[in-house]
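A quick write-up on the structure given underneath.
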Amino acid sequence: MAHMGATGKTGSKEPGLRYPANGKTIFHRPLNRSKTSELSQASFAYLFSEMVSYAQKRVTGIADLEKRLNLQGHPIGLKLLDLLLIREPLRSQSRPLNIIALLHFIKGNLWTHLFGRQADRLEKSSNPDTPDEYMIIDNEPLVNAYVSVPKEMSQLNCAAFVAGIVEGVCDGAAFPARVTAHTVGGKEEGEMWPGKTVFLVKFQPEVLEREALIGKS
Amino acid sequence: MTVFALIIINKAGGLIYNRTFHEGGLNKISTNDYLVLAGTFHGVHAITTRLNPVKNAGGDRTSTSPSVPGAANIVNRPEPSSGLEVLESENFRLQCFNTMTGTKFLLFTDTTQANVDVTIRRVYEMYADYVMKNPFYQLEMPVRCDMFDRKLLSYIREINNR
């Protein structure tokens, strides 16, 4: 506890939250400071590689592993929703109020913020049995840029982490949903994009119910 | 100008990657022979690094200024000798690239191939990207990464079709 003495009076009171000597925490920084800054992809790749290895410890199966990756992304999504909205011009600062607006927000703002480009496509499930399913399609997800999934785990897609972020954004905007990542590359038309990934967004029934009510009025 | 094959040897002398790019360039040998080749090359390489007369650069280590003791040591450490770099026969040329961590990349080309050192560095770069950044790769184990295979094949194909 020797280092606590140097930080002065603020540090020692609240365990778990340490303040720097000048009292300026991350909350004192201007929100837009890092708006245009970029990160090294290599350092992210190494960090992500460790995140996957960490999630892989003591898992029972692939579904469990994807669940853990999803959980790692979820809080990021919740926070990003607020951050991205506050960076919008004042008149468009309200959160998306219908499914289409939300998905466009994710495809445009969220993707641009995270990966520097928009998602490649947005689709609604053509199956009449599942009107609650929407698909965000990314031809080559940045998180998978260096990941080769071994054959015995072929169902796994590490973009489950990104799915978790998307799920966090949906939950934060009060559109509770389950988001999963699926690899579709390597099949018939996916030859050009072997890493092509579909993020399947499945909204809860109450979301669709509300959507229908809003549509009527 | 053709690139025939690539072999990667880990720091313990084990074969971790082996791929042929051009049929009919080199005679086929069995996997077991490849393992023996990797182990033997590793041993020969180790001996050649010892054969190399080390340049006498560390002699005046004590006389350098004591103000920066750490830096002085680093500057005066003799270059580690590179050991065997090229092995050439009538029909093929074997270039070896030894990384800082002791992983060896062996590239078999025909004797007229130019800029092999550039090619081999690019291969190393791909290895660093698609093998080392892959969360499912275990260090020192055989390389089984689709992404690495794919990028490597397309790069070598580009060279061979030039």
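The values are calculated or read from the model by the stated rules, or taken from the named source; none is laboratory data. From a predicted model like this one, the values you see are computed outputs, not experimental measurements. As a convention, Cβ positions derive from the backbone with ideal geometry for all residues, glycine included, and neighbour counts pool all protein chains shown. Side chains included, ligands, DNA and RNA excluded: accessible areas come from the protein's heavy atoms. Shrake-Rupley method; radii C 1.70, N 1.55, O 1.52, S 1.80 Å.
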Would you please state the base-10 log of I(q)/I(0) at q = 0.19, 0.32 1/Å for the stretch A:16-61, with intensities from the Debye formula using one equal scatterer on every alpha carbon? -0.86, -1.03
Taking only the alpha carbons of the protein assembly as shown, the radius of gyration and the largest Cα-Cα distance, Dmax, both in angstrom, are 27.4, 89
If R0 = 30 Å, then A:Arg87 and A:Lys24, at their Cβ-Cβ distance, give a FRET efficiency to the nearest 0.05 of 0.90
Once the Cα atoms of chain A are picked out, what are the Rg and Dmax in Å? 20.0, 65
To the nearest 0.05, how large is the calculated FRET efficiency for B:Arg162 and A:Met192 if R₀ is 25 Å and r is the Cβ-Cβ distance? 0.60
Can you give the accessible area of B:Met141, probe radius 1.4 Å, in Å² rounded to 10? 90 Å²
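Go through A:Leu84, A:Leu200 and list them by solvent-accessible area, largest first, probe radius 1.4 Å. Please list the in-between numbers first.
Working: A:Leu84 15, A:Leu200 40 Å².
Solvent-accessible surface, decreasing: A:Leu200, A:Leu84.
Kindly sort A:Ile99, A:Ile26 by accessible area of their heavy atoms, largest first, with the probe set to 1.4 Å.
On the way: A:Ile99 0, A:Ile26 110 Å².
So the residues, ranked largest to smallest area, are A:Ile26, A:Ile99.
Looking at the stretch B:75-141, which GluC sites (Glu not before Pro) are DSSP coil and have at most 14 other C-beta atoms within 10 Å of their C-beta? Let's see the in-between values first.
Values: sites: B:Glu85, B:Glu88, B:Glu90, B:Glu125, B:Glu140; in loops: B:Glu85, B:Glu90, B:Glu140.
Within the stretch B:75-141, the qualifying GluC sites (Glu not before Pro) (loop, at most 14 other Cβ atoms within 10 Å) are B:Glu85, B:Glu90, B:Glu140.
Pairs of Cα atoms under 8 Å, at least six residues apart: use those to get the relative contact order of the stretch A:18-137, whole percent.
On the way: 58 pairs, mean separation 13.5, N = 120.
11 percent.
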Can you pull the percent of Cα pairs in the stretch A:52-119 with separation above 13 Å? 71 percent
Can you flag which of A:Lys57/A:Lys124; A:Lys57/A:Lys202; A:Lys57/B:Lys28; A:Lys67/B:Lys104; A:Lys35/B:Lys151 are past 31 Å Cα-Cα? A:Lys57/A:Lys124; A:Lys57/B:Lys28; A:Lys67/B:Lys104; A:Lys35/B:Lys151
Given 4 °C and 1.567 mPa s, how large is the Stokes-Einstein diffusion coefficient of the stretch A:71-174 in µm²/s, with Rh as the Kirkwood radius over Cα pairs? 88 µm²/s
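Estimate the FRET efficiency between B:Glu90 and A:Lys67 by the formula 1/(1 + (r/R0)^6), using the beta-carbon distance for r and 56 Å for R0, to the nearest 0.05. Working shown, then result.
Values: r = 59 Å, r/R0 = 1.06.
The calculated FRET efficiency here is 0.40.
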The stretch B:89-162 - convex hull of the alpha-carbon atoms, volume per residue in Å³: 101 Å³
What percent do you get for the relative contact order of chain A when only Cα pairs under 8 Å and 6+ apart count? 19 percent
For the stretch A:127-217, list log₁₀ I(q)/I(0) at each q in 0.15, 0.20, 0.23 Å⁻¹, using the Debye formula over Cα point scatterers of equal strength and ignoring solvent, two decimals each. -0.65, -0.96, -1.13
Check each of the trypsin sites (Lys or Arg not before Pro) in the stretch A:119-217 and keep only those in coil by DSSP with at most 12 other C-beta atoms within 10 angstrom; list them in order. A:Lys187
